[in-house]
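Read the structure below first, then the notes.
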Amino acid sequence: MSESRVSFIGALLVAIGPISMALYTPAMTDLVTAFGSTESVIKLTLTLYFGGFACAQLIAGPLSDALGRRPVTIGFLSLYCAASILAMLAPTVEVLIFARFAQGIGASVGVAISRALVRDLFTDEKSSRIMNLIGIILALGPALSPTIGGLLLLAFGWRSLFVVMTIIGFGAILTVFIFMKETVTRDLSRLNLGELGRSYRMLLGNRQFLTAAAVIGGALGAIYAQATFLPFILIDAVGLTPQQFGVAMLAQSGSFFTASLLMRWLMNRYSAKRLVPVGLVLIALGSVGTLTLMFWPPSFLHVMVPVAIYAFGIAFVMPDMSTAALAPFRREAGAAAALLGFIQMGSGLLVGTLGALLGDAVTAMALLIPLMGAGACLAYFLYRRTNIIVPPQPSAAPGAAGPMNPRATPVTGPQR
């Protein structure tokens, strides 16, 4: 498959998860009234969505290594569609919570498979360019979704949001069926717990993977953590309507989209790895701005300007760090992409849960988001002191020294 086809399919698959979150968030305050429930219970519909999304990747990735990328993708997307229909028809909040959890499991395949597809076919700067293009396309969906969700909520009610998700899911299945080619050889011998455990032990013992994944967890994970804070800060504390909240979220997604376009232009002049420190500086600035919520009351600009700066920095970090995390692994690309996604989503889930325990969304955002930014910077410091493995191109001849071949040679010293 060509770069453009892989980029389009990868972006579509990755976008399903964030779109399902961004469409839904404007309705969270209305659902409290609709089900006669409480804010904490409605938050569970988002928290358990994250939980299913994060944890199921650990199964989807290795399954795709053993059974193939296409059948696993279609199977998980079918579950996503069924769960979307169940959520649309949910008579009680308990059914909605279950449906959202199942939705998260189905959507989880997008992150794992999209990155595995890129690793199956491309490496180095070409991989970074595709990751960047996926980011550009990905930004459009979440950028528009809160606005669309707010308008649908106003015109048709909250159930219409799940009608749209169902349509998106069936569209993704059709796209995969027609345009996505298989990129791995089916190997049922890998479908066992011993093989799965071996793959994850190898990944967790690889410092290059862990440090690069920790950078992504602190950077992009903050987006998912903020999703549990921002509806209640902007609607309850600042006083925006759900429709205004949807428009306000353009500050985050629009910033990431703009930065991704700029990043693509800069990558024609500089390597992606040279731009990572620029992104981390911006993440640090956004973290400091968010920290000031501890001292001054929230307003729209006070909340969203630091969020936009943080999001701008993420676009500079993601292409190279995603490529670096997956570079040493070709045979286990699905497992590596799955664990990378788990760390990314899991960090957001963990911080979102900690924020819920704190009770106050403003305090949680002011304390926890800066800690995630600091964690990303520390992880990059450790990454720079790691011996970097430079893999051959995926088309290397059989038997050539490669990341899964004992003859592969690491490039010693901090290379990035």
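General remarks:
- For segment 1-27, the set of residues classified as touching a residue at least 24 places away in the same chain (Cβ under 8 Å) and more than 21 Å from the chain's Cα centre (by Cα) consists of Met1, Ala27, listed by residue number.
- Filter pass, Met249 being aliphatic (A, V, I, L, M), farther than 30 Å from Ala335 by Cα and buried (at least 24 other Cβ atoms within 10 Å of the Cβ): yes
- You will find that of Ser271, Ser322, Ser255, the residue that is under 30 Å from Tyr200 (Cβ atoms) and among the hydroxyl-bearing types (Ser, Thr, Tyr) is Ser322 and no other.
- For Thr45, the conditions (1) touching a residue at least 40 places away in the same chain (Cβ under 8 Å); (2) closer than 25 Å to Gly346 by Cβ; (3) surrounded by fewer than 19 Cβ atoms within 10 Å (Cβ to Cβ) are fulfilled apart from (3).
- The residues of segment 1-59 that are outside any helix (DSSP H, G or I) and either in contact with a helix residue (DSSP H, G or I) (Cβ under 9 Å, 6 or more places away or on another chain) or of a type in the set (Lys, Arg) (or both), listed by number, are Met1, Phe35, Gly36, Ser37, Thr38.
- Single residue of Phe98, Phe53 found to be among the aromatic types (Phe, Trp, Tyr) and surrounded by fewer than 23 Cβ atoms within 10 Å (Cβ to Cβ): Phe98
- Checking each residue in segment 237-260 for being part of a helix (DSSP H, G or I), modelled with pLDDT of 85 or more and under 18 Å from Ala366 (Cα atoms) picks out only Ala237.
- Just one of the listed residues (Leu354, Leu378) is out of contact with any Leu (no Cβ under 7 Å at 6 or more places or on another chain), more than 30 Å from Gly68 (Cβ to Cβ) and either of a type in the set (Asp, Glu) or assigned to a helix (DSSP H, G or I) (or both), and it is Leu378.
- Annotation: of all residues in segment 262-293 being more than 22 Å from the chain's Cα centre (by Cα), modelled with pLDDT under 90 and assigned to a helix (DSSP H, G or I), the one that is nearest to Arg119 (Cα to Cα) is Arg274.
- Of the helices (runs of 4 or more DSSP H) lying entirely inside segment 117-222, those carrying at least 2 residues that are modelled with pLDDT of 85 or more, over 30 Å from Ala376 (Cα atoms) and touching a Cys at 6+ places or on another chain (Cβ under 8 Å) are 159-179.
- Leading residue by the ranking (farthest from Ala214 (Cα to Cα)) among those in segment 351-370 that are without any contact (Cβ under 8 Å) to a residue 24 or more places away in the chain and in contact with a helix residue (DSSP H, G or I) (Cβ under 8 Å, 6 or more places away or on another chain): Leu358
- Residue within segment 84-100 that is outside any loop (DSSP other than H, G, I, E, B), out of contact with any Gly (no Cβ under 7 Å at 6 or more places or on another chain), farther than 26 Å from Ile235 by Cα and not basic (Lys, Arg) present: yes
- Pair list, Cβ under 6 Å, 6 or more apart: segment 78-93 residue at negative phi, other residue in a helix (DSSP H, G or I) and among the aromatic types (Phe, Trp, Tyr): Cys81/Phe170; Ser84/Phe162; Ala87/Phe162; Met88/Phe162
Residue-by-condition table, conditions (1) more than 29 Å from Val247 (Cα to Cα); (2) among the small types (Gly, Ala, Ser):
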residue: Pro298; (1), (2): no, no
residue: Phe312; (1), (2): no, no
residue: Ala337; (1), (2): yes, yes
residue: Leu340; (1), (2): yes, no
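- The set of residues from segment 153-165 being surrounded by fewer than 19 Cβ atoms within 10 Å (Cβ to Cβ), of a type outside the set (D, E, K, R) and either closer than 14 Å to Ala87 by Cβ or touching a residue at least 24 places away in the same chain (Cβ under 8 Å) (or both) comprises Leu154, Gly157, Ser160, Val163.
- Meets criteria (modelled with pLDDT of 90 or more and either closer than 23 Å to Val111 by Cα or part of a loop (DSSP other than H, G, I, E, B) (or both)) for Ala311: yes
- Test for Val362: is it at pLDDT 85 or above, closer than 29 Å to Phe295 by Cα, in contact with a Pro (Cβ under 6 Å, 6 or more places away or on another chain) and of a type in the set (A, V, I, L, M): yes
- Filter result for Asp187 (more than 25 Å from Ser114 (Cβ to Cβ), of a type in the set (Asp, Glu) and surrounded by fewer than 22 Cβ atoms within 10 Å (Cβ to Cβ)): no
The values are calculated or read from the model by the stated rules, or taken from the named source; none is laboratory data. Model, not experiment: these values are computed from the prediction. Please note: Cβ atoms are built from the backbone with ideal geometry, for glycine as well, and neighbour counts cover all protein chains shown.
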